[in-house]
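Okay, structure first, notes after.
Each reported figure results from applying straightforward, stated rules to the coordinates on display, with no laboratory input. Treat the numbers as computed from the prediction; the structure is a model and nothing was measured. Neighbour counts are summed over all protein chains in view; Cβ atoms, including those assigned to glycine, are modelled from backbone coordinates with ideal geometry.
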Amino acid sequence: MMMPVQRNLKNQSLLRRFSFAAKGIYCAVLMENSFRTELLLAAAYAALMVWLKPPLVWVGLSIITAGLVLGVELLNTALEHLADRLHPEQHPTIGVAKDCAAAAVLVTSITAAIIGALTVAVSLGMLHSS
């Protein structure tokens, strides 16, 4: 009897491990409308930041929150795919897990939108950053 081949990530080169991560991003771009939308919004916001030239601390906060939104979306996608593969039929507990993951994306997205609005307000002189 043959044992299934398992990928041991611990002993892979750094470049190989990065390639796994890049494949995950690539798959999310291909398969997830939400991820593509969030990438587009992040790119548009980055262009706005270049034009507005906000204080560096606000740029940093914006980068952090955009990264969090994309990262949480990737985790949400991973959880959904894993749950669908392991338990294809509807199940209340899996539904709760998926709903919580989607809520995490929503919370980080709202946070990013608030940080974005504050950054624009500071850049336009509507608020003073100290």
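What net charge do the residues around Ala42 carry, taking every other residue with its C-beta under 13 Å from that of Ala42, with Lys and Arg at +1 and Asp and Glu at -1?
My count for the surroundings of Ala42 gives -1.
Let me check against my output: what whole-number percent is the relative contact order of the chain, with C-alpha pairs under 8 Å and at least 6 apart?
29 percent
Rank the residues Ser123, Ser13, Ser62, Ser19 as a footprinting-exposure proxy: fewest other Cβ atoms within 10 Å of their Cβ go first.
The order, fewest Cβ neighbours first, is Ser13, Ser19, Ser123, Ser62.
Per-residue ellipticity at 222 nm for the chain, helices alone: DSSP H runs ≥ 4 residues times -39500 (n - 2.57), over residue total, nearest 500 deg cm²/dmol?
Computed ellipticity for the chain at 222 nm equals -27500 deg cm²/dmol.
Filter the GluC sites (Glu not before Pro) in the range 55-130 down to the DSSP loop ones having no more than 15 other Cβ atoms within 10 Å, then list what survives.
Working: sites: Glu73, Glu80, Glu89; in loops: Glu89.
Answer in residue order: Glu89.
Report which label in [x] 1.10; [y] 1.24; [z] 0.92 holds the value of Rg/Rh (Cα atoms, Kirkwood Rh) derived from the coordinates of this structure.
Entry [x].
In sequence order, what are the phi-derived ³J(HN,Hα) couplings for the range 66-71 according to the Karplus relation 6.51 cos²θ - 1.76 cosθ + 1.60 with θ = phi - 60°, rounded to whole Hz, with x for glycine and proline?
Those phi angles translate into 5, x, 5, 4, 5, x Hz.
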